[in-house]
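Take a look at the structure below.
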Ligand SMILES: [Zn+2]
């Protein structure tokens with residue numbers, strides 16, 4: 001099955017390694033004040049799908065400036081946690097992608113198994129139609145897609161437009177594209193790329 005990765009712990013391990021690569025970049029760049037960044041992870045409790053997740057999913061990687069007068073927090077972009085949303089980014093994308101994502105039956109099963117409320121689903125759709133298209137992240141990326149991505153076809157149109165031999169690979173590319181949107185305390189240029197050999 002093309003979506004078996006959804007319950008495969010290796011998939012989530014891979015996303016965590018990507019988050020670690022991103023965090024390394026942020027830490028290397030340091031605080032804007034010139035101070036060094038110290039680890040200051042904060043607790044997360046993603047809803048649903050607990051069994052394939054290891055302990056790394058109970059915290060979000062984050063840093064705090066070591067300078068006494070600063071103490072600024074820098075939270076790296078994440079391919080796992082979509083901002084403050086309580087469900088993992090992968091769930092938000094797959095559930096809202098109607099055609100390029102999961103088969104209808106599997107999707108409905110997930111919605112019930114993960115106890116996703118209709119109001120939550122409707123908020124996610126609004127996020128794709130309004131919040132995401134208006135974001136600086138999308139404004140700077142949309143020119144890379146030929147033909148242009150139709151906003152009313154998100155996230156399907158984006159999944160379809162990304163490179164990858166299967167849904168899992170395109171999904172990882174999409175989560176990386178969305179990563180800058182997952183933090184308000186870091187806004188640099190993300191240099192991390194996915195190595196297809198490792199996928
Ligand atoms: Zn600082």
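The values are calculated or read from the model by the stated rules, or taken from the named source; none is laboratory data. No experiment lies behind these values; they were computed from the predicted model shown. As a convention, Cβ positions derive from the backbone with ideal geometry for all residues, glycine included, and neighbour counts pool all protein chains shown.
I'd like the full set of residues that are touching a helix residue (DSSP H, G or I) at 6+ places or on another chain (Cβ under 7 Å), closer than 14 Å to residue 15 by Cβ and crowded, with 20+ Cβ neighbours inside 10 Å, limited to region 177-199.
Across region 177-199, the qualifying residues are 178, 179.
Quick grid of which residues meet (1) at pLDDT below 95; (2) over 21 Å from residue 173 (Cβ atoms); (3) under 15 Å from the mean Cα position of the chain (by Cα):
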{"residue": "6", "(1), (2), (3)": "yes, no, yes"}
{"residue": "13", "(1), (2), (3)": "no, no, yes"}
{"residue": "20", "(1), (2), (3)": "no, no, yes"}
{"residue": "29", "(1), (2), (3)": "no, yes, no"}
{"residue": "33", "(1), (2), (3)": "no, yes, no"}
{"residue": "66", "(1), (2), (3)": "no, yes, no"}
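Let me confirm something: among 138, 124, which residue is within 30 Å of residue 34 (Cα to Cα), in contact with a helix residue (DSSP H, G or I) (Cβ under 7 Å, 6 or more places away or on another chain) and assigned to a helix (DSSP H, G or I)?
Numbers: 124 fails: within 30 Å of residue 34 (Cα to Cα).
Answer to the check: 138.
If you scan region 19-53, which residues turn out to be surrounded by 14 or more Cβ atoms within 10 Å (Cβ to Cβ), within 30 Å of residue 70 (Cβ to Cβ) and touching a helix residue (DSSP H, G or I) at 6+ places or on another chain (Cβ under 7 Å)?
Passing the criteria: 22, 37, 44.
Under 6 Å between Cβ atoms, at least 6 apart or on separate chains: pull out the pairs that start in region 15-43 with a residue that is within 19 Å of residue 55 (Cα to Cα) and within 13 Å of the ligand (Cβ to nearest atom) and end on any residue that is modelled with pLDDT of 95 or more and part of a helix (DSSP H, G or I).
Within 6 Å, no pair qualifies.
Collect the residues in region 70-79 that are more than 8 Å from the ligand (Cβ to nearest atom) and out of contact with any strand residue (DSSP E or B) (no Cβ under 6 Å at 6 or more places or on another chain), keeping them in residue-number order. Walk me through it before giving the result.
First, pick out the residues of region 70-79 that are more than 8 Å from the ligand (Cβ to nearest atom): 73-79.
Selection gives 75, 76, 77, 78, 79.
What residue, of 60, 107, is without any contact (Cβ under 8 Å) to a residue 60 or more places away in the chain and in contact with a helix residue (DSSP H, G or I) (Cβ under 7 Å, 6 or more places away or on another chain)? Break it down stepwise before answering.
Details: 60 fails: in contact with a helix residue (DSSP H, G or I) (Cβ under 7 Å, 6 or more places away or on another chain).
Only one candidate qualifies: 107.
Among the numbered conditions (1) assigned to a helix (DSSP H, G or I); (2) over 16 Å from residue 79 (Cβ atoms), tell me where residue 177 comes up short.
Going through (1) assigned to a helix (DSSP H, G or I); (2) over 16 Å from residue 79 (Cβ atoms) one by one, residue 177 breaks only (2).
Looking at region 111-148, which of its residues are touching a residue at least 40 places away in the same chain (Cβ under 8 Å) and more than 17 Å from the chain's Cα centre (by Cα)?
Answer for region 111-148, where residues must be touching a residue at least 40 places away in the same chain (Cβ under 8 Å) and more than 17 Å from the chain's Cα centre (by Cα): 113, 114, 115, 116.
For residues in region 54-69 being closer than 15 Å to residue 24 by Cα and within 16 Å of the ligand (Cβ to nearest atom), which is surrounded by the most Cβ atoms within 10 Å (Cβ to Cβ)?
Quick first cut of region 54-69, residues closer than 15 Å to residue 24 by Cα only: 60-65.
The next check asks that each one be within 16 Å of the ligand (Cβ to nearest atom); those that pass are 62-65.
Values: 62: 20, 63: 23, 64: 18, 65: 21.
Checked region 54-69; the qualifying residue surrounded by the most Cβ atoms within 10 Å (Cβ to Cβ) is 63.
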